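Undergrad: What follows is a single structure, and I will ask about it in a moment.
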Amino acid sequence: MTADILVLGTGSFAARIAFDLAATATEPTAIAVAGRNAERLSWFRIAGNARARVFGARARFESHAIDLLNQDALAALIEKTRPAVLVQAASSQPSSVIATQGDAWSKLVAEGGLSTTAVFQAQLSMRVAQTLRNARLPCQLVNCCFPDVVNSLIAAAGLPITCGVGNIAILSNAFAGELGLETSALKMLAQYQCVTPFRRPAQGRSGPVARVWIDGKEVADVFKTFAGVKITPEPAIEISGASGVPMMLAMAHGADWAGHVPGALGLPGGYPATWRGGSFELDLPAAITRAEAVAWNAQFEAANGMVVDGEGNVRYTGTLHDLLRAASPDLARGFHVRDLEAVYEEMAKLRARLQGQRAG
């Protein structure tokens, strides 16, 4: 069958999205889920259809067992399902690495930052975007795999990308919920690094801080105003995965939506955005221009992480660059986005070697 929404992946993030779609779809919504794990896919279908019955929602699930790395199989699936929204939630680097300790790879990620994993997050997402472009379908691509950084790689390769989910939306929804605000009353800018301070106790909280406006007025002390908000140390999929569901349904059915997303239109970091009349746009506070908002978000990776220029050149910066140079001078030199597949192979060798070493 054709699908309104196609979800790629069978991990916990994909499950949160799929099962929340099952509980909240008020319009008839055909949802296809795809991946390699046939047993897990069967459960997605059974549990998704069951949850729709539990909540009286109008979702219907089917599953497709394919190797997502096989681009011919992926192309055939997209042609068969012809989705209005494609949700890419499959990755070769589990997000649980942020809560893992003990080996040299997890230490590198902890000290160098999540951009250490960007190549792993990007590989399949780039292939999906390439396949979607070749299909020439009017489909919105929502990349769930490290979108603050990866979506810029996708855009630099000249491939289609609408946005991501999570990260900024973790904070925007937690902040609005804490103060009992309507979603439209709060607008913010936040790169993924801005989430980290809210994983720590409020006392002595420091580090990258989001910019927040309430009813058009910028909050002077974000840490103080939202001291009661503490995010789980593990991936906060209860908020992050769920945050994209209303947007996906709006895209699938031509409804309007407003909220916050990372990687909007392939830009670095996170922004307020809208989906109206079939068009996706930034929805910035009046006090800041688009160029200013992009520059503010870009500063984080420029200081430490991964940046990509307008010609597709990718470079590592700051502490991450220095740590990579110690582990692999060749990888630390950076690469062109067209060479991502080859870099993936080298990075996979480095990860395997470091996972076999205890953290020093």
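Undergrad: If you go through the range 93-112 one residue at a time, do you hit one that is surrounded by fewer than 21 Cβ atoms within 10 Å (Cβ to Cβ), at pLDDT 95 or above, closer than 19 Å to residue 344 by Cβ and not hydrophobic (A, V, I, L, M, F, W, C)?
TA: No, there is no match, as no residue in the range 93-112 is surrounded by fewer than 21 Cβ atoms within 10 Å (Cβ to Cβ), at pLDDT 95 or above, closer than 19 Å to residue 344 by Cβ and not hydrophobic (A, V, I, L, M, F, W, C).
Undergrad: Find the strands (runs of 3 or more DSSP E) located wholly in the range 1-110 whose residues include 1 or more that are within 24 Å of residue 151 (Cα to Cα) and in contact with a Pro (Cβ under 6 Å, 6 or more places away or on another chain), and list them.
TA: Passing ranges, in order: 5-8.
Undergrad: Go through the residues of the range 10-18 one by one and say whether even a single one is more than 19 Å from residue 86 (Cβ to Cβ), surrounded by fewer than 19 Cβ atoms within 10 Å (Cβ to Cβ), modelled with pLDDT under 95 and not acidic (Asp, Glu).
TA: There is at least one residue in the range 10-18 that is more than 19 Å from residue 86 (Cβ to Cβ), surrounded by fewer than 19 Cβ atoms within 10 Å (Cβ to Cβ), modelled with pLDDT under 95 and not acidic (Asp, Glu).
Undergrad: Another question, then. Would you mind stating whether residue 5 is under 27 Å from residue 170 (Cα atoms), touching a residue at least 24 places away in the same chain (Cβ under 8 Å) and hydrophobic (A, V, I, L, M, F, W, C)?
TA: Here the answer is yes, as residue 5 does meet what is asked.
Undergrad: Continuing with this model, one more query. Give the range 49-64 a look and list any residue that's within 22 Å of residue 140 (Cα to Cα) and surrounded by 15 or more Cβ atoms within 10 Å (Cβ to Cβ), or say none.
TA: If we filter the range 49-64 for residues that are within 22 Å of residue 140 (Cα to Cα), which is where we start, we get 58-64.
Of everything in the range 49-64, those that are within 22 Å of residue 140 (Cα to Cα) and surrounded by 15 or more Cβ atoms within 10 Å (Cβ to Cβ) turn out to be 59, 60, 61, 62, 63, 64.
Undergrad: Regarding residue 294, is this residue aliphatic (A, V, I, L, M) and part of a strand (DSSP E or B)?
TA: no
Undergrad: Which residues, taken from the range 308-344, are on the phi < 0 side of the Ramachandran plot, of a type in the set (Gly, Ala, Ser) and surrounded by 14 or more Cβ atoms within 10 Å (Cβ to Cβ)?
TA: Once the filter is applied, which keeps residues that are on the phi < 0 side of the Ramachandran plot, of a type in the set (Gly, Ala, Ser) and surrounded by 14 or more Cβ atoms within 10 Å (Cβ to Cβ), the range 308-344 yields 327, 328, 332.
Undergrad: I need every pair where a residue in the range 218-235 that is more than 17 Å from residue 176 (Cβ to Cβ) has its Cβ under 8 Å from the Cβ of a residue that is of a type in the set (Ser, Thr, Tyr) and surrounded by 11 or more Cβ atoms within 10 Å (Cβ to Cβ), sequence separation at least 6 or different chains.
TA: What qualifies is 234/96; 235/12; 235/95; 235/96.
Undergrad: Residue check: is residue 282 modelled with pLDDT of 95 or more and surrounded by fewer than 21 Cβ atoms within 10 Å (Cβ to Cβ)?
TA: Yes, satisfied.
Undergrad: If you take the residues of the range 261-283 that are under 12 Å from the mean Cα position of the chain (by Cα) and not aliphatic (A, V, I, L, M), which of them is farthest from residue 297 (Cα to Cα)?
TA: 266
Undergrad: Which residues, counting only those in the range 218-257, are assigned to a strand (DSSP E or B) and either basic (Lys, Arg) or in contact with a Phe, Trp or Tyr (Cβ under 9 Å, 6 or more places away or on another chain) (or both)?
TA: Result: 257, single match.
Undergrad: Just the residues that are in a helix (DSSP H, G or I), buried (at least 24 other Cβ atoms within 10 Å of the Cβ) and touching an Asp or Glu at 6+ places or on another chain (Cβ under 9 Å), please, taken from the range 129-175.
TA: 148, 149, 152, 168
Undergrad: Here's another thing I want to ask about it. Can you tell me how many residues in the range 198-221 are touching a helix residue (DSSP H, G or I) at 6+ places or on another chain (Cβ under 8 Å), of a type outside the set (D, E, K, R) and on the phi > 0 side of the Ramachandran plot?
TA: Counting residues in the range 198-221 that are touching a helix residue (DSSP H, G or I) at 6+ places or on another chain (Cβ under 8 Å), of a type outside the set (D, E, K, R) and on the phi > 0 side of the Ramachandran plot gives 1.
Undergrad: Residues in the range 345-360 that are crowded, with 18+ Cβ neighbours inside 10 Å and under 23 Å from the mean Cα position of the chain (by Cα): how many?
TA: 2
Undergrad: Another one. Can you confirm whether the range 258-276 contains a residue that is in a strand (DSSP E or B), touching a helix residue (DSSP H, G or I) at 6+ places or on another chain (Cβ under 8 Å) and of a type in the set (Val, Ile, Thr)?
TA: Taking every residue of the range 258-276 in turn, at least one turns out to be in a strand (DSSP E or B), touching a helix residue (DSSP H, G or I) at 6+ places or on another chain (Cβ under 8 Å) and of a type in the set (Val, Ile, Thr).
Undergrad: Take residue 212 and decide whether it is modelled with pLDDT of 95 or more, under 17 Å from the mean Cα position of the chain (by Cα), part of a strand (DSSP E or B) and not small (Gly, Ala, Ser).
TA: Considered against the rule, which asks whether it is modelled with pLDDT of 95 or more, under 17 Å from the mean Cα position of the chain (by Cα), part of a strand (DSSP E or B) and not small (Gly, Ala, Ser), residue 212 comes out as no.
The values are calculated or read from the model by the stated rules, or taken from the named source; none is laboratory data. Everything quoted here is computed from the prediction, not taken from an experiment. Heads up, the Cβs are rebuilt from the backbone with ideal geometry, glycines too, and the neighbour counts pull from every protein chain shown.
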